[in-house]
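As structure tokens, the structure follows; a few thoughts come after it.
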Amino acid sequence: MDKPLAGALVWFRRDLRCVDHAALYHALKVAREVWCAFVFDRDILDPLLEAGGRADRRVEFIHDSVLELAAGLRALAARHGLAAAGLIVRHGRAVDEIPRLARQLHAQAVYANHDDDPAALARDAQVRGALADAGIALHTSKDHVVFERSELLSGSGEPYRVFTPYKSAWLSKLDAFYLSGYPVERHAKSLAALPASEAQELPTLESLGFEHTNLHQLRLNGGSASGEALLRDFLSRIDRYHETRDFPALKGPSYLSMHLRFGTVSVRTLAREAHARMQAGSRGAANWLAELVWRDFFHQILHHYPHVAGAAFKPEAGSLHWEHGRHADALFAAWAEGRTGYPLVDAAMAQINQTGYMHNRLRMVAASFLVKHLGIDWRRGEAYFARHLNDFDLAANNGGWQWVASTGCDAQPWFRIFNPVTQSEKFDPGGRFIRRYLPQLGALPDKLIHAPWLAGPADLAAAGVELGRDFPRPLVQHDEARVRTLARFAAMKAAR
Ligand SMILES: Cc1cc2nc3c(=O)[nH]c(=O)nc-3n(C[C@H](O)[C@H](O)[C@H](O)COP(=O)(O)OP(=O)(O)OC[C@H]3O[C@@H](n4cnc5c(N)ncnc54)[C@H](O)[C@@H]3O)c2cc1C
């Protein structure tokens with residue numbers, strides 16, 4: 001059958017792979033010639049550089065992934081007897097580069113996958129307008145999540161605001177259709193040769209203004225091959241996920257979040273693998289699939305309630321009085337630099353500061369400490385995580401912070417306040433995680449490592465620890481902080 005379009009351009013963004021890719025599949029299916037492009041977007045990268053962030057693991061990960069994507073497209077074309085296909089790479093403003101490129105190529109349409117972050121939606125609206133001026137269509141599709149936007153609504157046609165019924169609806173709607181991948185290979189013959197004017201050399205990280213980080217030392221590599229290797233490794237232990245996931249010293253979770261963030265793995269592949277194992281009775285797989293449901297849940301929350309990016313989901317939480325001024329700034333700095341005196345919190349902050357990753361249990365404990373022990377506005381913590389997390393994703397990060405701060409939909413009740421010491425005793429019982437990040441506490445016995453200030457002078461001396469010198473004294477007392485937080489939330493309730 002004749003294809004209706006002569007030429008189309010696929011614009012890659014947070015979907016850096018060439019297998020099971022919705023936009024690529026749709027374009028290849030309808031167009032006789034398909035070009036692929038990626039823009040290192042100055043609107044995103046320049047502010048990072050201006051803030052002094054030349055060493056950014058995320059940019060390096062994207063750069064790795066773009067190189068691999070270009071090679072993957074060349075290999076895909078070669079398997080179909082086509083020469084010189086590949087990826088067109090630009091360094092500029094996407095809002096200018098994509099319309100310009102589409103015009104140069106005489107593409108009739110541009111294909112991309114949805115990105116529901118408010119800034120991405122604004123960018124896409126601008127690109128759509130510029131393309132429309134040239135008579136070129138912009139088609140976008142779901143790719144990043146299993147269910148999105150209004151695909152799942154409650155019986156009354158409202159978005160779900162509570163996770164459990166959302167999860168039930170998600171699982172009931174899931175079937176082979178939603179789990180099957182897009183067979184890009186089937187239509188690959190439409191991949192077009194790169195225009196002669198296109199440089200074959202892709203930009204280096206340095207030419208983009210960035211430098212290498214410790215990404216590779218951390219054994220984090222961009223690209224689908226590395227994502228697939230992590231998945232294979234995780235599938236060998238997924239059945240134990242429910243038992244291991246909460247213990248940061250164990251290799252429990254998948255560590256796939258960065259790959260999910262940048263689309264180097266397909267969420268459909270992940271959901272399919274987990275679902276099949278769940279059907280076969282794996283509790284670990286069922287628990288893990290539920291995490292992918294949380295991911296969809298927060299994405300649909302951001303879509304339906306975009307005010308959450310910047311404000312509490314619950315309007316009454318807008319009246320909460322947070323600590324402010326120089327004292328609050330000092331508390332915030334101590335938290336960010338891992339100087340709270342609570343070993344699990346400080347080890348968690350060391351993990352994010354050194355690696356850009358933080359275990360999920362620790363994200364909850366560290367975030368809760370900032371909000372409910374130090375009384376600092378959750379948005380300051382959210383912004384810190386956004387700057388430092390390799391897997392930063394607005395929907396998930398905002399959802400996580402608002403859950404912890406009790407300001408979100410289906411959030412933790414406000415009177416529930418994690419005790420960082422009991423969390424530490426429960427989830428890092430032997431102190432292995434703490435010792436990894438706080439070696440100065442390494443010689444303390446297991447039972448004292450969670451709260452060194454409770455150790456007697458002899459124990460501290462035997463472990464070579466002097467409080468205030470080797471490790472801070474606790475910044476706040478748990479019981480006092482708890483009372484202050486309960487009062488803060490009680491005042492909010494009274495003001496309603
Ligand atoms: C305060 C806070 C901030 C967070 N910020 C982010 C963030 O910016 N980006 C991010 O991807 N996740 C975030 N999370 C969720 C979660 O901590 C991470 O997804 C997880 O730790 C990533 O590690 P993993 O891939 O090994 O997870 P796994 O346990 O293997 O989970 C698999 C995948 O499920 C998804 N997922 C797991 N838990 C959640 C969750 N609670 N909400 C949404 N998706 C989830 C992630 O995509 C993750 O990669 C945050 C959680 C909290 C409490």
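What to note about this one:
- Options Leu208, Leu202: the member that is at pLDDT below 95, away from the ligand (no atom under 13 Å from the Cβ) and over 20 Å from the mean Cα position of the chain (by Cα): Leu202
- The stretch 34-63 - residue that is among the acidic types (Asp, Glu) and surrounded by fewer than 21 Cβ atoms within 10 Å (Cβ to Cβ) and, of those, nearest to Lys142 (Cα to Cα): Asp41
- Pairs are defined by a Cβ separation below 6 Å, a sequence spacing of at least 6 or placement on different chains, a first member in the stretch 210-228 that is within 17 Å of Arg261 (Cα to Cα), and a second member that is assigned to a loop (DSSP other than H, G, I, E, B) and at pLDDT 95 or above; the pairs so defined are Gly223/Thr264; Ser224/Arg17; Ser224/Thr264; Gly227/Thr264; Gly227/Val265.
- Some residue of the stretch 475-487 being touching a helix residue (DSSP H, G or I) at 6+ places or on another chain (Cβ under 9 Å), aliphatic (A, V, I, L, M) and open to solvent by less than 10 Å² (accessible area, probe 1.4 Å): yes
- Evaluating Gln300 against the criteria (1) away from the ligand (no atom under 15 Å from the Cβ); (2) touching a strand residue (DSSP E or B) at 6+ places or on another chain (Cβ under 7 Å); (3) part of a helix (DSSP H, G or I) leaves one unmet condition, (1).
- Search result, residues across the stretch 106-140 that are open to solvent by less than 20 Å² (accessible area, probe 1.4 Å), under 19 Å from Lys3 (Cα atoms) and not in a strand (DSSP E or B): Ala107, Ile136
- Where a residue in the stretch 240-263 is under 22 Å from Val59 (Cα atoms) and open to solvent by 20 Å² or more (accessible area, probe 1.4 Å) and its partner, wherever it lies, is in a loop (DSSP other than H, G, I, E, B) and more than 11 Å from the ligand (Cβ to nearest atom), with Cβ under 8 Å and at least six apart: Arg261/Arg14
- Any hit, the stretch 320-335, residues being small (Gly, Ala, Ser) and within 23 Å of the chain's Cα centre (by Cα): no
- Residue check, Arg272 more than 13 Å from the ligand (Cβ to nearest atom), modelled with pLDDT of 95 or more, loosely packed, with under 15 Cβ neighbours inside 10 Å and among the basic types (Lys, Arg): no
So that you can scan it fast, the table gives a plain yes or no per residue for (1) away from the ligand (no atom under 12 Å from the Cβ); (2) surrounded by fewer than 18 Cβ atoms within 10 Å (Cβ to Cβ); (3) under 12 Å from Trp170 (Cβ atoms):
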| residue | (1), (2), (3) |
| --- | --- |
| Gly284 | no, no, no |
| Trp288 | no, no, no |
| Phe313 | yes, no, no |
| Gly318 | yes, yes, no |
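- Of all residues making up the stretch 375-386, the number that are away from the ligand (no atom under 11 Å from the Cβ), open to solvent by 20 Å² or more (accessible area, probe 1.4 Å) and either of a type outside the set (A, V, I, L, M, F, W, C) or more than 19 Å from Ala330 (Cα to Cα) (or both): 3
- Verdict on Ala461 being assigned to a helix (DSSP H, G or I) and under 17 Å from Gly375 (Cα atoms): no
- None of Ala196, Ala192 is of a type in the set (Gly, Ala, Ser) and either surrounded by 19 or more Cβ atoms within 10 Å (Cβ to Cβ) or at pLDDT 95 or above (or both) except Ala192.
- Scanning the stretch 64-87 for residues that are farther than 20 Å from Glu185 by Cβ and surrounded by 20 or more Cβ atoms within 10 Å (Cβ to Cβ) yields Asp64, Val66.
- Among the residues of the stretch 88-101, those that are open to solvent by 20 Å² or more (accessible area, probe 1.4 Å) and part of a helix (DSSP H, G or I) comprise Asp96, Glu97, Arg100.
- Flag for Ile417 being closer than 30 Å to Phe61 by Cα, more than 11 Å from the ligand (Cβ to nearest atom) and among the hydrophobic types (A, V, I, L, M, F, W, C): no
- Helices (runs of 4 or more DSSP H) enclosed by the stretch 374-454 - at least 3 residues per element that are in contact with a helix residue (DSSP H, G or I) (Cβ under 7 Å, 6 or more places away or on another chain), more than 30 Å from Lys493 (Cα to Cα) and at pLDDT 95 or above: 432-437
- Residue tally, condition more than 25 Å from Ala122 (Cα to Cα) and in a loop (DSSP other than H, G, I, E, B), over the stretch 1-58: 10
- Among the numbered conditions (1) buried (at least 18 other Cβ atoms within 10 Å of the Cβ); (2) more than 16 Å from the ligand (Cβ to nearest atom), the only one that Val404 does not meet is (2).
- Within the stretch 432-447, residues that are farther than 12 Å from Gly338 by Cβ and free of Cβ contacts under 8 Å to residues at least 40 places away in the same chain have Cβ atoms under 8 Å from residues that are β-branched (Val, Ile, Thr) and in a loop (DSSP other than H, G, I, E, B) in these pairs: Arg435/Ile449; Ala443/Val465; Leu444/Val465, counting only partners at least 6 apart in sequence or on another chain.
The values are calculated or read from the model by the stated rules, or taken from the named source; none is laboratory data. Note that this is a predicted model, so its numbers are computed, not measured. Methodologically, a virtual Cβ is constructed for each residue, glycine included, from the backbone with ideal geometry; neighbour enumeration extends over all protein chains shown. What goes into the accessible areas is simple: the full protein's heavy atoms, side chains included, and nothing from ligands, DNA or RNA. Shrake-Rupley method; radii C 1.70, N 1.55, O 1.52, S 1.80 Å.
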